[in-house]
Structures are given as C-alpha cells and as structure tokens.
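A short reminder: the numbers here are calculations on the coordinates, not readings from a lab. Remember, it's a predicted structure, so these values are computed and weren't measured experimentally. In this analysis, Cβ positions are derived from the backbone assuming ideal geometry, glycine residues included, and neighbour counts consider all displayed protein chains.
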Amino acid sequence: MTVRNTYEYKKGPHSVYGFRTGRFDFGINTTFIIYRIGGTLIDAGPSNQWPTIKRVLKPLDIHTLLITHHHEDHSGNANRISKFKSLLPYAPLLGQEKLAKGYPTPLLQKLIWGSPLKVQTQTLPETLIINEGTPSQAEVIAIPTPGHAKDLTCLFFPKQKYLFSGDMYISKSLKYLRSDENLQQLITSLETLIELDFEILFCPHRGIVEQGKQALKEKRDNLLNMCRQSQTLMAQGLSESEIVVALLGPEDRLAKISKFNISKGNLIRQAMLYNVKD
Ligand SMILES: [Zn+2]
C-alpha cells in the first residue's frame, strides 16, 4: 500500500498539503485525499489504508481532526488517529451517533474502503479557531450542506477563501445518485456554498480545484438542466427507464454490483420530481 499522489496548495503558513490513498486505483471514486493545514487534518481516510496513513502521519504534529461527515472513506480512521495523536475528533452533530455506535456499509463499499471503526467525537461548533497560537491559526466556519448525507458539513476558511467540500463536489456532472441521497437538498446546499466568498475548493476525491466556485456553479447548472430535460421527456410520455437511457445511457456495472444502491435511475427519479424555479 502506498501514497498514490501528493498535493500542495502554497500559501505560507496556511499552505494545504494532501495525500491520496486507496486500495483500488479505479479513479477518484475509489481513492481518497486527506488534507492537512498546520496541525489540523480534514477527514480521516478509509480504514483499509491505515498502514499508509499511519506512516505519513507519524512524523507530523497533529492535534486536531475535523470530520466532514460519517461516511467510511471520510471517518474510517478517526478512532485510530484519535489514539495515535491523543485527540478527540470533531464531527457534525448529526453524524456523531452513527460514528459512536457504528453503522452497516454495503459490501461494495466495504471492499473499496474497509469497515469504519466506532469513534467518540466532540460536536463540531459553528465556528472554530484551529492551530491556535501558531502561524497557521485560522478561523473555520462549519456550513451544514445536507443532500449527499444528512450530516455533511463543509468547512469554510473565510480569511484564506478555502472551502473543504466533503462530498459536495467530486464532479461537475453527476451520473449516479446513492439511494439515500436527496437531490432537492443537494441543490439547495450547492446554492448555500455558491453564496460564500471562497476561491479554492479542496475535494477529497477530485483534488484541489482552483476555480472552486465556478466548478460548484457548473455542477448546480448541470443538475438543474438534467431536471429540466427529465421533466420535458416525462411530459412527452417517456418512462423513468427510458429517460435514464436518453440522458445518461443504460445502467452500467456500478448499478448491478451495488444492487442499485448507486444508480442512474436514483438520479433521474429525483430529477423528474425536482421543483425547478426559473
Ligand atoms: Zn460521502
């Protein structure tokens, strides 16, 4: 197991460093980047990559871990990092119970990321000063952004104009939705983020996106277009599965191996019902 790539956004003491790990290198959806600013980590990475992550973190003075949401690729090692670095991770209030009690993950996700370990956390406050008393001290504002997950919380650094986006970005054009994702909330959360004064987006799957706000706008616009197109085709009498094929092509292997937990149909079904306000 190795580090697959490293990342750096240079900004003096507020430089951001990242490293990508993952069991399978089938693209950005099977690998994960842990970011660090000073002694603060953003997300904990998948549990099956612990040997690599431990090796990278060993020489570093880490005192704070911020978790964006409970999903196993983001929280998998929070327990181990909390013990390794003697810290109590911060997590969004809505994710804390799942993190503490554990939760089942589908077989496909277990295969890619491993199983997350249960972890005690403290509630991520609305605002937080990290790296206090050091040159990399910074204010972080927690921005609740439900849709992908109920507890998903983005981390906004107003002074540095950074946004750590959890799973709010990943790609400009979504082709799939998980069965537990909510498209209406997702688009509302994208609108919330677009209102913020940020420039650089740090996505744990895609990487560093320098035109971050533009990227989120394009994602929102693409989703709204898909909603409009789905509804036009629906009005012409096409069925859900016909609209899937017309706009995204037929369901592929991902839908079958995830037992339709991750599918194009999940996305189109919600796009057909989305309340588009022009
Ligand atoms: Zn997620």
Choose one of 190, 35, 19: the residue whose Cα lies farthest towards the positive end of the charge dipole of the chain (beta-carbon charges +1 Lys, Arg; -1 Asp, Glu; about the Cα centre). 19
Once you charge only the Cβ atoms, +1 for Lys and Arg and -1 for Asp and Glu, what is the size of the charge dipole of the chain about its Cα centre, to the nearest 20 debye? 880 debye
Which order, highest average first, do 160-171, 250-261 follow once you tally other Cβ atoms within 10 Å for each residue and take the mean per peptide? 160-171, 250-261
How big is the gap, in Å, between the Cα center of region 93-126 and the Cα center of region 61-78? 9 Å
In a Gaussian network model over the chain where Cα atoms closer than 10 Å are linked, find which of 99, 124, 238 has the largest mean-square fluctuation. 238
Rounded Å value of the spacing that divides the Cα centres of region 30-56 and region 220-278: 34 Å
Summing -39500 (n - 2.57) over the DSSP H runs of n ≥ 4 in the chain and dividing by its residue number, what mean residue ellipticity at 222 nm do you reach, to the nearest 500 deg cm²/dmol? -10000 deg cm²/dmol
How big, on average over all directions, is the shadow cast by the Cα convex hull of region 5-222, in nm²? 10.8 nm²
Net charge of Cβ neighbours under 14 Å - reference residue 80; Lys, Arg +1; Asp, Glu -1: +4
Calculated from backbone phi, Karplus (6.51, -1.76, 1.60) coupling profile of region 32-45 in Hz, x at Gly/Pro: 9, 10, 8, 9, 9, 10, x, x, 10, 9, 10, 6, 10, x
How much of the DSSP bridge set in the chain is antiparallel, in percent, rounded to the nearest 5? 75 percent
I'd like the FRET efficiency for residue 173 and residue 7, computed as 1/(1 + (r/R0)^6) with the beta carbon distance as r and R0 of 35 Å, rounded to 0.05. 0.95
Entries in 219/256; 118/264; 10/159; 161/217 that, when Cα-Cα distance is taken, lie over 21 Å: 219/256; 118/264
So how far apart, in nm, are the two label points at residue 196 and residue 231 if each is 7 Å from Cα heading toward Cβ? 2.8 nm
